[in-house]
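Colleague: Dropping a structure here in structure tokens format, bear with me for questions.
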Protein chains: 4
Amino acid sequence: MGSALAYHLAYSAEQADFAAVSDQNPQVAQALAERFGVAEVCPDYHDLLAQDDIDAVVIVTPTNAHVEVVKAAAAAGKHIFVEKPLALTLQDCDAAIEAVRQAGVKMQVGFMRRFDPAYTAAKEKIDQGVIGQSVMFRSNSRDPWRTSVEYARRESSGGLIADMGIHDFDLARWLMGSEVSRVYSEGGCLVFLELAEVGDIDNAVISLQFENSAVGTVDVSRNAIYGYDIRTEIIGSEGSLMIGGLQHTPLLVMHKNAITHDAIPGFMQRFETAYAAEIRAFVEMIASGGEPAVTGEDARAATAISIAATRSLDEGRPVMLEEILS
Amino acid sequence: MGSALAYHLAYSAEQADFAAVSDQNPQVAQALAERFGVAEVCPDYHDLLAQDDIDAVVIVTPTNAHVEVVKAAAAAGKHIFVEKPLALTLQDCDAAIEAVRQAGVKMQVGFMRRFDPAYTAAKEKIDQGVIGQSVMFRSNSRDPWRTSVEYARRESSGGLIADMGIHDFDLARWLMGSEVSRVYSEGGCLVFLELAEVGDIDNAVISLQFENSAVGTVDVSRNAIYGYDIRTEIIGSEGSLMIGGLQHTPLLVMHKNAITHDAIPGFMQRFETAYAAEIRAFVEMIASGGEPAVTGEDARAATAISIAATRSLDEGRPVMLEEILS
Amino acid sequence: MGSALAYHLAYSAEQADFAAVSDQNPQVAQALAERFGVAEVCPDYHDLLAQDDIDAVVIVTPTNAHVEVVKAAAAAGKHIFVEKPLALTLQDCDAAIEAVRQAGVKMQVGFMRRFDPAYTAAKEKIDQGVIGQSVMFRSNSRDPWRTSVEYARRESSGGLIADMGIHDFDLARWLMGSEVSRVYSEGGCLVFLELAEVGDIDNAVISLQFENSAVGTVDVSRNAIYGYDIRTEIIGSEGSLMIGGLQHTPLLVMHKNAITHDAIPGFMQRFETAYAAEIRAFVEMIASGGEPAVTGEDARAATAISIAATRSLDEGRPVMLEEILS
Amino acid sequence: MGSALAYHLAYSAEQADFAAVSDQNPQVAQALAERFGVAEVCPDYHDLLAQDDIDAVVIVTPTNAHVEVVKAAAAAGKHIFVEKPLALTLQDCDAAIEAVRQAGVKMQVGFMRRFDPAYTAAKEKIDQGVIGQSVMFRSNSRDPWRTSVEYARRESSGGLIADMGIHDFDLARWLMGSEVSRVYSEGGCLVFLELAEVGDIDNAVISLQFENSAVGTVDVSRNAIYGYDIRTEIIGSEGSLMIGGLQHTPLLVMHKNAITHDAIPGFMQRFETAYAAEIRAFVEMIASGGEPAVTGEDARAATAISIAATRSLDEGRPVMLEEILS
């Protein structure tokens, strides 16, 4: 992921000057630096933060290190791009948000789907009133393979619902224009039984109620064997939107009563344009002195829904967001 | 609906001899009889049931009359095809089932989606193991218009969830090969506010848990302005199935950056083949002495899920099916 | 084909009274009569034509018998529906047209695609000016199997171009609103070499020039192994239309990087609605005293294009229609 | 186009060191150099060719300058990537090929479609025998706008058939695995009448016969108002392939009986991946000492088909390729 964002930083964000790379593994840092013609490599990121001529940083670490690095970067006066999820707890989200606020820097969180051309166009159409009032949200995030067992642990990724659903929860708030007020989750460990051993599941459906009374449903799966499947529907009072598709390469192979196409292999292929666009937006936001398109508060709100949905699964009951937020 | 089934009875079920029509409205009965070349018209259906040379009846009345007519037909020794839903309460379902059992006749219930070529092919593939173990179910039933306010009343149609979701609940049991054990509903009256006055809603999402631990989600809407939208997905451990589409007429109209096709206008267009096939199956089942493809017990089970899902909506909590069934 | 049209005559054309069946094979006639509740069976079609209370006939014979039966029917004062192609030569077309004209009866020719909802909608949009001026026509007719060798002979079916292209040629005239002025054909016997032995080919492309200077291309193939593939595009000055699709059953089967759907199995499945509609139109035209939607002159014009295109193939040169027509 | 290839040279071809830019317009060259961090700018391309440490050049000039620059580059011992078409005449093609041969350098021509993932996958499947023997080729290249009148002149672009069809002609040879032996063209100036004033047309269909007896059809249009439409079908003896689609952004906007998606806006969007891949292939070919994927001979053969097809249009007769080639 770091390498992908570095690529887009180097090649798509023309206003940015890609100055330095830091990684705990010096070989990784060195390789990135060479690949993108970056002059400086810092084994310790504090050295990088100490440099006055660096304006902004892109943070791609394991989630549990986000807050520490965000706080250090903010303290050093750097603008911050940080991968999603900002943190797994609201306390950590708050700590990051507060550090950024106190330092007066800007922080953008990596919900790249907001920068995907299809999602962007959908948002524009909603804002233009093209579908009237949005009343139902339906979204799915499905991976064609299971994650590593280690990563599936609650303490690493937050577990299935947090790990995969957080994008849908962010889309829900953003596209529906209303906060989620209540969630209910059903889920199970049905295919990759090894995940149960670390307390995770592989399939879940989450019901949403929004503050404006709209409703929603999100499903997440680790066994979409066919391919990476990300789709969202918004049903409105005067029309609907459907975002996403299944086909990757525009080629049909046609045999006796069987017409076959491929599927989207993974998130890099599906969202390559979005990754480039979010980095470009970050750079332009800093250059122009604007505000981030995806804030720490957005990240906190999506995390809160993840926490509520996971609690709902654990306790077998609907969970009000206010229970999490208060 | 009666006229559609009469059409298929007359023209698609070659083993059947369409002998008589009964309707409270004699003009309707007369018109049907003339259209399909049927000799006899009975204003009172008891007269029709009293005839020895009638082997079977197709019952298409308002839901609240189903049980009475089923009981009379069973007592008269007629095999019975009855439109869905069999009844709105389990007590009524039980009364119908018991009447049929005691009379030793066959009863088939009109879940026509089970006879649609796409759903039939999906079921075959599942049974053949093509997608491995089915672990997630996702289905939607969306109408392009709202029903009449009168029909929307709980005592008429059962309300949105029962009225529209019952097909999905039947598909859930049939395609997943497991009973639903728990449901949770979110819903609201968001577009057609006049429905709220009779206690109904226009959009809902229902989470399902199955006895075999699989999960599911169903959404229903009365405001799919674009068209009649029926789709179902089954996510399996080794593959997935996706049933249904949006386009009705194979015509693309292409203007500047806008390629447009139509949508499916309504259930008659989407399921015409299925209506013919279910009547044909009913006739062939009687002719061959087989068993009905959709039984009273199936109807009862789908009604139970509807009742549970509606109770979940009313009470804001997950509802176990055993609570309804016991 | 006769059985299919009989079915639609019996069940879709409510103004028609299906009175009698004639077939050289009495068992076929008897079976049809029983199936559709028709009282009378005439081994000799002249007996049927001799009956005063018969208003109209539907003629489905081998092409080479069309003219004889049309002439007899016209002489008997019956309105005529005759399957396409009306005849393989212009002389025979003329004889049929003249017999009809002299008798003052109506004749409709079975170009059923004109009654298919997608083609009908396309025609309406063209007439409404939705795509501006139509400037290019592209169409294909592809079968998933080869015809019988016997039928492939020039003297039976007219050979590949006449047999399969004639529908496209009719669509070309009808949708483009201009006569074809010149054709050029390339073709070969490439897959089913046994067809070469009777002088036929299995694949061809035909270029069209229209009198209004528009251009077109038609391709026909007997080895569309995947399914029955009928598509047409009209490129206009202000938009385009694309008619037809590949998928038959709305079911996707999704495996690792392979999403598969079926194809349209054959012409009965693709054009069932059109067959019903053309018979209904014929009956309504007679009942209302209107004019046929597809005339003998239309049939003659399509045959002329077939003849020109076949001559072009034989002689390796572009052929002007006037050369055929004069 | 130069700027696009420069982008891919800079960012996708990691083995290449982007050393210098030359353009007659020094500002353009300067801007490119700055954008991609290139140190050197040469107003006169001969200065660039004179440098010993430059191994290869990418030539993107007007077509009529190609040969001169290719000859100079070859004489300077540089490997050459040159945009399509190599030249408008066979003499010029030959001159370029001969210069390259004598200099012992490698030349790759910019038929980028061969590097598009869908076309690449199609070629692989054909080579694997997935569709048996290829017997029919159908392809179209349609632009959503007309080119400039100046560019439309025969002496600039070669006219419609050469300008737009040359990609299809290259695909025809490559995918069918056989040379084209005969062509026939129909075309007209139907929408953009101003093109007629410089001797050009805006719509054409070209029939192809291949040496192995297969057949084909290509259509080209300048008024595909809806979008950039590039599709190709290969019909084989045991299956078929269909390459290309119409939708650009995976978003459906759904209103009353109208489901709309966008179209592909232009060649840069459709073939961005292919442009990157062809430059990468060129660089890797040089680095590895391999042979170019698209040779001068390929370019010459496609040009010959363009010339034959244009002559067919001018003279209203089928033209054998041997007439052009001898």
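Colleague: Being more than 12 Å from B:V109 (Cα to Cα) and in contact (Cβ under 8 Å) with a residue 60 or more places away in the chain narrows it down to one of B:E297, B:E284, B:E323, so name that one. Don't jump to the end; show me each part of the working.
Modeller: Working: B:E297 fails: more than 12 Å from B:V109 (Cα to Cα); B:E323 fails: in contact (Cβ under 8 Å) with a residue 60 or more places away in the chain.
The conditions single out B:E284.
Colleague: Would it be correct to say that B:M242 is at pLDDT 95 or above, in contact with a Ser or Thr (Cβ under 6 Å, 6 or more places away or on another chain) and either assigned by TED's automatic domain parsing to the domain that holds B:K123 or of a type outside the set (D, E) (or both)? Outline the logic, then answer.
Modeller: Details: at pLDDT 95 or above: yes; in contact with a Ser or Thr (Cβ under 6 Å, 6 or more places away or on another chain): no; either assigned by TED's automatic domain parsing to the domain that holds B:K123 or of a type outside the set (D, E) (or both): yes.
In short, no.
Colleague: Among the numbered criteria (1) under 22 Å from B:T63 (Cα atoms); (2) touching an Asp or Glu at 6+ places or on another chain (Cβ under 7 Å), which single criterion is violated by B:R311?
Modeller: (2)
Colleague: Given (1) of a type in the set (G, A, S); (2) buried (at least 18 other Cβ atoms within 10 Å of the Cβ); (3) not assigned by TED's automatic domain parsing to the domain that holds D:A162, identify the lone condition not met by D:A299.
Modeller: Failing condition for D:A299: (3).
Colleague: Among the residues of segment D:90-103, how many are free of Cβ contacts under 8 Å to residues at least 24 places away in the same chain and either more than 23 Å from D:A308 (Cα to Cα) or within 14 Å of chain A (Cβ to nearest Cβ) (or both)?
Modeller: Taking segment D:90-103 as the starting set, the residues that turn out to be free of Cβ contacts under 8 Å to residues at least 24 places away in the same chain are D:91, D:98, D:101.
From what is left, the residues that are either more than 23 Å from D:A308 (Cα to Cα) or within 14 Å of chain A (Cβ to nearest Cβ) (or both) are D:101.
Residues flagged as free of Cβ contacts under 8 Å to residues at least 24 places away in the same chain and either more than 23 Å from D:A308 (Cα to Cα) or within 14 Å of chain A (Cβ to nearest Cβ) (or both) within segment D:90-103 amount to 1.
Colleague: Let me ask something additional. Quick one: what pairs do we get from segment D:64-89, first residue in contact (Cβ under 8 Å) with a residue 40 or more places away in the chain, second of a type in the set (G, A, S) and assigned to a helix (DSSP H, G or I), C-beta under 6 Å, 6+ apart or different chains?
Modeller: Final answer for the pair search is D:L86/D:A96; D:L86/D:A299.
Colleague: List every residue pair whose Cβ atoms lie under 9 Å apart, where the two residues are 6 or more positions apart in sequence or sit on different chains, the first residue falls within segment C:28-41 and is more than 18 Å from B:F18 (Cβ to Cβ), and the second residue, located anywhere, is surrounded by 16 or more Cβ atoms within 10 Å (Cβ to Cβ) and of a type in the set (D, E, K, R).
Modeller: C:A29/C:D23; C:Q30/C:D23; C:L32/C:D23; C:V41/C:D23
Colleague: Anything in segment A:117-145 that is of a type in the set (D, E, K, R) and within 11 Å of another protein chain (Cβ to nearest Cβ)? List them, or say none. Break it down stepwise before answering.
Modeller: In the first step, residues of segment A:117-145 are kept if they are of a type in the set (D, E, K, R); the result is A:123-125, A:127, A:138, A:142-143.
Within segment A:117-145, A:K123, A:E124, A:K125, A:R138, A:R142 meet the criteria.
To keep it simple, each residue is scored yes or no on (1) part of a helix (DSSP H, G or I); (2) under 24 Å from the mean Cα position of the chain (by Cα); (3) surrounded by 23 or more Cβ atoms within 10 Å (Cβ to Cβ); (4) at positive phi.
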{"residue": "A:V41", "(1), (2), (3), (4)": "no, no, no, no"}
{"residue": "A:D47", "(1), (2), (3), (4)": "yes, no, no, no"}
{"residue": "A:I54", "(1), (2), (3), (4)": "no, no, no, no"}
{"residue": "A:N64", "(1), (2), (3), (4)": "yes, yes, no, no"}
{"residue": "A:V69", "(1), (2), (3), (4)": "yes, yes, no, no"}
{"residue": "A:A72", "(1), (2), (3), (4)": "yes, yes, no, no"}
{"residue": "A:F81", "(1), (2), (3), (4)": "no, yes, yes, no"}
{"residue": "A:Q91", "(1), (2), (3), (4)": "yes, yes, no, no"}
{"residue": "A:A96", "(1), (2), (3), (4)": "yes, yes, yes, no"}
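Colleague: Give the residue, chosen from D:A214, D:A172, D:A196, that is of a type in the set (A, V, I, L, M) and farther than 21 Å from D:D127 by Cα.
Modeller: On the way: D:A214 fails: farther than 21 Å from D:D127 by Cα; D:A172 fails: farther than 21 Å from D:D127 by Cα.
Testing whether each residue is of a type in the set (A, V, I, L, M) and farther than 21 Å from D:D127 by Cα leaves just D:A196.
Colleague: Out of C:G199, C:G188, C:G158, report the one residue that is surrounded by fewer than 24 Cβ atoms within 10 Å (Cβ to Cβ) and at positive phi.
Modeller: Numbers: C:G188 fails: at positive phi; C:G158 fails: surrounded by fewer than 24 Cβ atoms within 10 Å (Cβ to Cβ).
Testing whether each residue is surrounded by fewer than 24 Cβ atoms within 10 Å (Cβ to Cβ) and at positive phi leaves just C:G199.
Colleague: For segment A:165-174, name all the residues that are surrounded by fewer than 24 Cβ atoms within 10 Å (Cβ to Cβ) and either in contact with a Lys or Arg (Cβ under 9 Å, 6 or more places away or on another chain) or of a type in the set (D, E) (or both). Quick ask: steps written out before the conclusion?
Modeller: If we filter segment A:165-174 for residues that are surrounded by fewer than 24 Cβ atoms within 10 Å (Cβ to Cβ), which is where we start, we get A:173-174.
The one that is surrounded by fewer than 24 Cβ atoms within 10 Å (Cβ to Cβ) and either in contact with a Lys or Arg (Cβ under 9 Å, 6 or more places away or on another chain) or of a type in the set (D, E) (or both): A:W174.
Colleague: Would you call B:N64 within 14 Å of another protein chain (Cβ to nearest Cβ) and closer than 28 Å to B:N223 by Cα?
Modeller: On the way: within 14 Å of another protein chain (Cβ to nearest Cβ): no; closer than 28 Å to B:N223 by Cα: yes.
In short, no.
Colleague: Right, here's the next one. How many residues are part of a loop (DSSP other than H, G, I, E, B) and more than 17 Å from D:R231 (Cβ to Cβ) if we restrict to segment A:232-247?
Modeller: Our first condition is that a residue be part of a loop (DSSP other than H, G, I, E, B); within segment A:232-247, this holds for A:237-239, A:244-247.
Subset that is more than 17 Å from D:R231 (Cβ to Cβ): A:237-239, A:244-246.
Counting residues in segment A:232-247 that are part of a loop (DSSP other than H, G, I, E, B) and more than 17 Å from D:R231 (Cβ to Cβ) gives 6.
Colleague: Can you find a residue that is within 7 Å of another protein chain (Cβ to nearest Cβ) and out of contact with any Lys or Arg (no Cβ under 7 Å at 6 or more places or on another chain) anywhere in segment A:293-310?
Modeller: Step one: list which residues in segment A:293-310 are within 7 Å of another protein chain (Cβ to nearest Cβ), which gives none.
Checking segment A:293-310: not a single residue is within 7 Å of another protein chain (Cβ to nearest Cβ) and out of contact with any Lys or Arg (no Cβ under 7 Å at 6 or more places or on another chain).
Colleague: Within segment B:16-25, does at least one residue satisfy the condition of being under 27 Å from B:R270 (Cα atoms) and in contact (Cβ under 8 Å) with a residue 60 or more places away in the chain?
Modeller: yes
Colleague: To continue, here is another question. Got a number for residues in segment D:1-39 being within 22 Å of the chain's Cα centre (by Cα), of a type in the set (A, V, I, L, M) and more than 14 Å from every other protein chain (Cβ to nearest Cβ)?
Modeller: Residues flagged as within 22 Å of the chain's Cα centre (by Cα), of a type in the set (A, V, I, L, M) and more than 14 Å from every other protein chain (Cβ to nearest Cβ) within segment D:1-39 amount to 2.
Colleague: Name the residue that is nearest to C:R270 (Cα to Cα), counting only residues in segment C:222-231 that are more than 12 Å from chain A (Cβ to nearest Cβ) and not in a loop (DSSP other than H, G, I, E, B). Spell out how you get there, then give the answer.
Modeller: We begin by selecting, within segment C:222-231, every residue more than 12 Å from chain A (Cβ to nearest Cβ); these are C:222, C:230-231.
Going one step further and asking which of them are not in a loop (DSSP other than H, G, I, E, B), we end up with C:230-231.
Numbers: C:I230: 9, C:R231: 11 Å.
Going through the qualifying residues, I end up with C:I230.
Colleague: Suppose the filter is in a loop (DSSP other than H, G, I, E, B) and not assigned by TED's automatic domain parsing to the domain that holds D:G77; does D:E284 pass it? Explain how you work it out, then say what you get.
Modeller: Numbers: in a loop (DSSP other than H, G, I, E, B): no; not assigned by TED's automatic domain parsing to the domain that holds D:G77: yes.
Answer is no for this residue.
Colleague: For segment B:104-211, please list each of the strands (runs of 3 or more DSSP E) lying entirely inside it that holds at least 3 residues being free of Cβ contacts under 8 Å to residues at least 60 places away in the same chain.
Modeller: On the way: elements: B:107-109, B:134-142, B:180-188, B:203-210.
In segment B:104-211, the matching strands (runs of 3 or more DSSP E) lie at B:203-210.
Colleague: What's the total number of residues in segment C:126-155 that are in contact with a strand residue (DSSP E or B) (Cβ under 8 Å, 6 or more places away or on another chain) and surrounded by fewer than 18 Cβ atoms within 10 Å (Cβ to Cβ)?
Modeller: 3
Colleague: Same structure again: Taking segment B:146-163 on its own, how many of its residues are within 12 Å of chain A (Cβ to nearest Cβ), more than 25 Å from A:P318 (Cβ to Cβ) and under 17 Å from the mean Cα position of the chain (by Cα)?
Modeller: 0
Colleague: Taking B:D262 as meeting all but one of (1) crowded, with 22+ Cβ neighbours inside 10 Å; (2) on the phi > 0 side of the Ramachandran plot, write down the number of the exception.
Modeller: Of (1) crowded, with 22+ Cβ neighbours inside 10 Å; (2) on the phi > 0 side of the Ramachandran plot, only one is false for B:D262: (2).
Colleague: Turning to a different aspect of this structure: Which of the residues belonging to segment A:164-196 are charged (D, E, K, R), more than 11 Å from chain B (Cβ to nearest Cβ) and touching a strand residue (DSSP E or B) at 6+ places or on another chain (Cβ under 8 Å)? So that I can check it myself, show each step before the final result.
Modeller: Kept after step one, since they are charged (D, E, K, R), are these residues of segment A:164-196: A:168, A:170, A:173, A:179, A:182, A:186, A:194.
After this cut, where a residue has to be more than 11 Å from chain B (Cβ to nearest Cβ) as well, the list is A:168, A:170, A:173, A:179, A:194.
Within segment A:164-196, A:D168, A:R173, A:E179 meet the criteria.
The values are calculated or read from the model by the stated rules, or taken from the named source; none is laboratory data. Note that the coordinates shown come from a computational prediction; the quantities given were computed from them, not determined experimentally. Cβ sites come from the backbone with ideal geometry, for glycine too, and all protein chains shown count toward neighbours.
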